[in-house]
1. Of the residues in the stretch 31-46, how many are part of a loop (DSSP other than H, G, I, E, B) and either touching a Cys at 6+ places or on another chain (Cβ under 8 Å) or buried (at least 17 other Cβ atoms within 10 Å of the Cβ) (or both)?
2. Quick one: is Y5 touching a Pro at 6+ places or on another chain (Cβ under 7 Å) and assigned to a strand (DSSP E or B)?
3. What pairs can you find where one residue is in the stretch 47-64 and part of a loop (DSSP other than H, G, I, E, B), the other is not polar (S, T, N, Q), and their Cβ atoms are less than 6 Å apart, with a gap of 6+ or different chains?
4. So which of G11, G23 ends up being under 18 Å from A62 (Cα atoms) and free of Cβ contacts under 8 Å to residues at least 24 places away in the same chain?
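Taken together, the values in this text are just the output of simple stated rules run on the coordinates, not laboratory data. All figures in this text were calculated on a predicted structure; none of them were measured in a lab. Here the Cβ positions follow ideal geometry from the backbone for every residue, glycine too, while neighbour counts run over all protein chains shown.
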Amino acid sequence: MPRKYRIKGSGDIVYSLVKPDYGLANQDTRETGIEHKSVTLDENGDYPSFTIPVNQLEEIHAEP
């Protein structure tokens, strides 16, 4: 099950990518010096995806 996040500022909901990102988040992290994560708008964690700095994400925890 993919993790659910809110993008700070916009409030958009994204989900962690459960498929390979082929090193894109790692490459963005190395190039910017800011940790990145691959996310998607698909609630199942499927493609298409994009990278975003982790400091722009707020994890949404499931309520018990």
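1. Taking the stretch 31-46 as the starting set, the residues that turn out to be part of a loop (DSSP other than H, G, I, E, B) are 33-35, 41-46.
Those left that are additionally either touching a Cys at 6+ places or on another chain (Cβ under 8 Å) or buried (at least 17 other Cβ atoms within 10 Å of the Cβ) (or both): 45.
Within the stretch 31-46, residues that are part of a loop (DSSP other than H, G, I, E, B) and either touching a Cys at 6+ places or on another chain (Cβ under 8 Å) or buried (at least 17 other Cβ atoms within 10 Å of the Cβ) (or both) number 1.
2. On the way: touching a Pro at 6+ places or on another chain (Cβ under 7 Å): no; assigned to a strand (DSSP E or B): yes.
It is false that Y5 is touching a Pro at 6+ places or on another chain (Cβ under 7 Å) and assigned to a strand (DSSP E or B).
3. Listed by first residue and then by second, the contacts come to nothing, as the list is empty.
4. Values: G23 fails: under 18 Å from A62 (Cα atoms).
Checking each option against the conditions leaves just G11.
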